[in-house]
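The values are calculated or read from the model by the stated rules, or taken from the named source; none is laboratory data. Predicted model, so just to flag it, every value in this text is computed and none were measured. Every residue, glycine as well, gets a Cβ built from its backbone with ideal geometry; the counts of neighbours run over all protein chains shown. Keep in mind that these areas ignore ligands, DNA and RNA; they rest on the heavy atoms of the full protein, side chains included. Shrake-Rupley method; radii C 1.70, N 1.55, O 1.52, S 1.80 Å.
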Amino acid sequence: MDIKEQLKDIKTQLRLSMNGAVSQSMREKGLVYKLNFGVELPRIKMIADGYEKNHDLAQALWKENIRECKILAAMLQPIDTFYPEIADIWVEDIQNIEIAELTCMNLFQHLPYAPAKSFHWIADEREYVQTCGFLTVARLLMKKGDITERVAGELLDQAICAVYSESYRVRNAAMLAIRKYMQHSEGNAFQVCRLVEGMSDSTIEAEQMLYNMVREEVDE
């Protein structure tokens with residue numbers, strides 16, 4: 001099958017797997033898409049398993065303004081042809097926390113240039129670009145948390161600044177990155193504790209939230 005036929009075949013499978021109740025539930029939770037078939041993630045993974053990874057197919061799927069197509073795109077995109085400039089185009093197109101989380105999990109964390117690119121995104125002021133940066137860093141820390149002292153310092157500086165963001169998505173992603181950094185070692189956890197110890201009696205909500213998260217992480 002050529003790309004057009006594969007795309008048509010995928011859309012047919014998605015329609016046959018439609019779940020209106022799931023789609024409605026997602027809308028009520030604020031996950032708004034132009035088109036959402038409500039197909040559950042295990043079924044989307046099954047559909048993806050029926051195809052070879054293919055750059056042109058993944059790019060065509062991403063361009064479709066359909067929830068399931070964007071999820072499939074990240075699953076079917078080969079790593080070796082996903083160049084940094086394409087990653088920037090994709091991340092600028094993300095306007096939904098579900099797509100942000102799944103694209104970071106299924107694609108961004110596996111890119112050979114992910115560490116450098118995620119720091120580039122973290123420094124961006126756009127909500128979902130910054131969110132994807134922190135989500136990718138969190139994924140990288142889960143896989144390999146031993147980053148250099150300089151990089152760790154930069155990460156913590158950026159993440160703590162992001163906790164003050166007006167966007168709760170950015171705040172949550174930044175705190176997830178801090179949590180994953182702490183989980184890597186006792187030394188990391190101690191380092192973060194030292195950074196937030198002066199926030200214990202703060203009247204600033206963001207500082208209270210960060211301090212409580214760090215305490216909970218240490219107490220677990």
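Per-structure values
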item: Test: GLU207 is among the acidic types (Asp, Glu), within 29 Å of ALA58 (Cα to Cα) and surrounded by 13 or more Cβ atoms within 10 Å (Cβ to Cβ); result: no
item: Which listed residue is surrounded by 13 or more Cβ atoms within 10 Å (Cβ to Cβ), farther than 30 Å from LEU111 by Cβ and either hydrophobic (A, V, I, L, M, F, W, C) or at pLDDT 95 or above (or both), from MET213, MET199; result: MET199
item: Residue check, ILE71 closer than 24 Å to GLN6 by Cβ and out of contact with any strand residue (DSSP E or B) (no Cβ under 7 Å at 6 or more places or on another chain); result: yes
item: Helices (runs of 4 or more DSSP H) lying entirely in region 142-220 (those with 1 or more residues that are touching a residue at least 60 places away in the same chain (Cβ under 8 Å) and not aliphatic (A, V, I, L, M)); result: 168-184
item: Set ALA116, ALA100: member being part of a helix (DSSP H, G or I), buried (at least 17 other Cβ atoms within 10 Å of the Cβ) and aliphatic (A, V, I, L, M); result: ALA100
item: Residue that is in a loop (DSSP other than H, G, I, E, B), open to solvent by less than 10 Å² (accessible area, probe 1.4 Å), at negative phi and aromatic (Phe, Trp, Tyr), where the choices are PHE134, PHE82; result: PHE82
item: Region 119-131 - residue that is of a type in the set (Asp, Glu) and without any contact (Cβ under 8 Å) to a residue 40 or more places away in the chain and, of those, most open to solvent (accessible area, probe 1.4 Å); result: GLU125
item: Counted residues, region 182-196 - those being open to solvent by less than 20 Å² (accessible area, probe 1.4 Å) and of a type in the set (Asp, Glu); result: 0
item: Among residues of region 9-25, those that are of a type in the set (Lys, Arg) and surrounded by 12 or more Cβ atoms within 10 Å (Cβ to Cβ), counted; result: 1
item: Any hit, region 170-181, residues being farther than 17 Å from LEU210 by Cα and either among the polar types (S, T, N, Q) or surrounded by fewer than 15 Cβ atoms within 10 Å (Cβ to Cβ) (or both); result: no
item: Positions within region 85-94 being open to solvent by less than 40 Å² (accessible area, probe 1.4 Å) and part of a helix (DSSP H, G or I), in sequence order; result: ILE86, ALA87, ASP88, TRP90, VAL91
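Rundown of residues vs (1) under 16 Å from the mean Cα position of the chain (by Cα); (2) farther than 27 Å from PRO112 by Cβ; (3) at pLDDT 95 or above; (4) open to solvent by 50 Å² or more (accessible area, probe 1.4 Å), yes/no style:
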residue	(1), (2), (3), (4)
VAL32	no, yes, no, yes
GLY38	no, yes, no, no
ALA48	no, no, yes, no
ALA60	no, no, yes, no
ILE66	no, yes, no, no
ASN96	yes, no, no, no
